[in-house]
Amino acid sequence: MTDLSWLTARPVAHRGFHDMNKERWENTLSAFIAAAERDYAIECDVHLSSDGVPIIIHDDDLKRLTGQDGFVWQRSAAELTALKVGGTSDRVPTLQEALDLVDGRVPMVVELKGIPGRDEGLVARVGKMLKRYKGKAAIMSFDHWLIRDFPKHAPGIPAGLTAYGKDLKLIEAHFSMLAHELSFTSYAAGDLPNPFVSFVREKLKMPVITWTVHDQPAIDLTFKYADQMTFEGFEPELVKVA
C-alpha cells in the first residue's frame, strides 16, 4: 500500500486558509498562500470550464462567489479567470495556477465536482496535471461516476471518497466504492462513528480525514474516530487537539 502518512501529517485547510469570506475568500490564491505559509495542507474544489480547463471554484453557480449569473460550465477558462471573487482583487484561479503557486510546499487535496453531462475529461485533465506535479497531491469526489474513472484516467494518484451520513443506504453505497481502488476517505465529522469509517480505517488501514471542522466537538470526534481534519474558521494550533 502507498504511504499516505503525508495526507494526515498536518491539518487540511478547507478551500485554503480563508477568513470565512470577509477579506480573504475561499479557493483563492490568497487563501492558498496563507495556508502554505502556516504549513497546512490545502483542500480545493475543481470544476471544468466550457473549454475543458480545471477551474478552482466550489459552486457550480457563479452568483455567490462572483456575483455573476450562470454556471461555471457555461464559461471559458479565460472568462472565468477574469471574474473577481467576492469583490476582492483575487480572481477565480485555474488548478494549474494553484499548483504553480504552492509548488510542493504543502500537500494538495483536490476535490472534483461533477456536473452530469458537463464534466467529460475532468478526471483525465486533473490526473495529468497532478501526475506532472512535483509535490504531494490527492484527488477525491462525492460523485461516484467520477470515482469510477479515477483508476483509468488518474492512475497512481491517491484517490478518495468524499462522503457523509449514517443511513444504511448511504453506508452501502460508500462500501460499493471500495471496488474502485480508493486509498483514503474524507468523511463528515458529525457523522462519526459509523460502520464504513470503522471498516476502512481498522480493517483496510486506510487513512480517514474529516470535513468540515469548525469547533472543539468536531475536533474531538475527528481524533477519536479518524486521523486528521479538514478545518476552517480557526487556526488549529490554537485549539487543543484530542
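Once you sort the root eigenvalues of the Cα gyration tensor of the range 1-139 as a ≥ b ≥ c, which label holds: rounded (a/c under 1.5), prolate (a/b larger than b/c) or oblate (the other case)?
On the way: a/c = 2.03, a/b = 1.24, b/c = 1.64.
Note, shape of the range 1-139 comes out oblate.
Across the range 134-242, C-alpha contacts under 8 Å between residues 6 or more apart give a mean separation that, scaled by the residue count, equals a relative contact order of 19 percent.
Longest stretch of the chain clear of exposed loop sites (GluC sites (Glu not before Pro), DSSP loop, at most 16 other Cβ atoms within 10 Å, sites excluded): 24-119. Treating the range 137-200 as a set of equal point scatterers at the Cα positions, no solvent, please give the Debye-formula log₁₀ I(q)/I(0) at q = 0.12, 0.14 Å⁻¹. Ignoring solvent entirely, the Cα scatterers give -0.27, -0.36.
Computed over the Cα atoms of the range 92-213, what is the convex hull's projected area averaged over all directions, in nm²? Numbers along the way, then the final one.
On the way: hull surface 32.4 nm².
The number I arrive at for the range 92-213 is 8.1 nm².
Taking the chain, how much of its Cα-Cα pair set, in percent, is spaced more than 31 angstrom apart? Walk me through the intermediate numbers first.
Details: 5233 of 29161 pairs.
More than 31 Å apart: 18 percent of the Cα pairs in the chain.
Backbone amide hydrogens, once placed in the peptide plane, bring Ala137 within less than 5 Å of Met108, excluding anything fewer than 5 places away on its chain. Straight-line reach from Lys131: which lysines have Cα under 21 Å away, leaving out those fewer than 8 places along the same chain? By straight Cα distance, Lys131 reaches Lys113, Lys152. Think of it as helices only: each DSSP H run of n ≥ 4 in the chain is worth -39500 (n - 2.57), and spread over all residues that comes to -7000 deg cm²/dmol at 222 nm. Counting only residues at least eight positions apart within a chain, or on another chain, the aspartates and glutamates with an alpha carbon under 13 Å from that of Lys224 are Asp191, Glu202.
Of all trypsin sites (Lys or Arg not before Pro) in the range 1-67, which ones are in loop regions per DSSP and have a Cβ with at most 16 other Cβ atoms within 10 Å? Taking the range 1-67 and a limit of 16 other Cβ atoms within 10 Å, the loop trypsin sites (Lys or Arg not before Pro) found are Lys22, Arg38.
Read the figures in this text as sums done on the coordinates, not as results from a lab. None of these values were measured; they are calculated from a predicted model. Neighbour counts run over all protein chains shown; Cβ positions are idealised from the backbone, glycine included.
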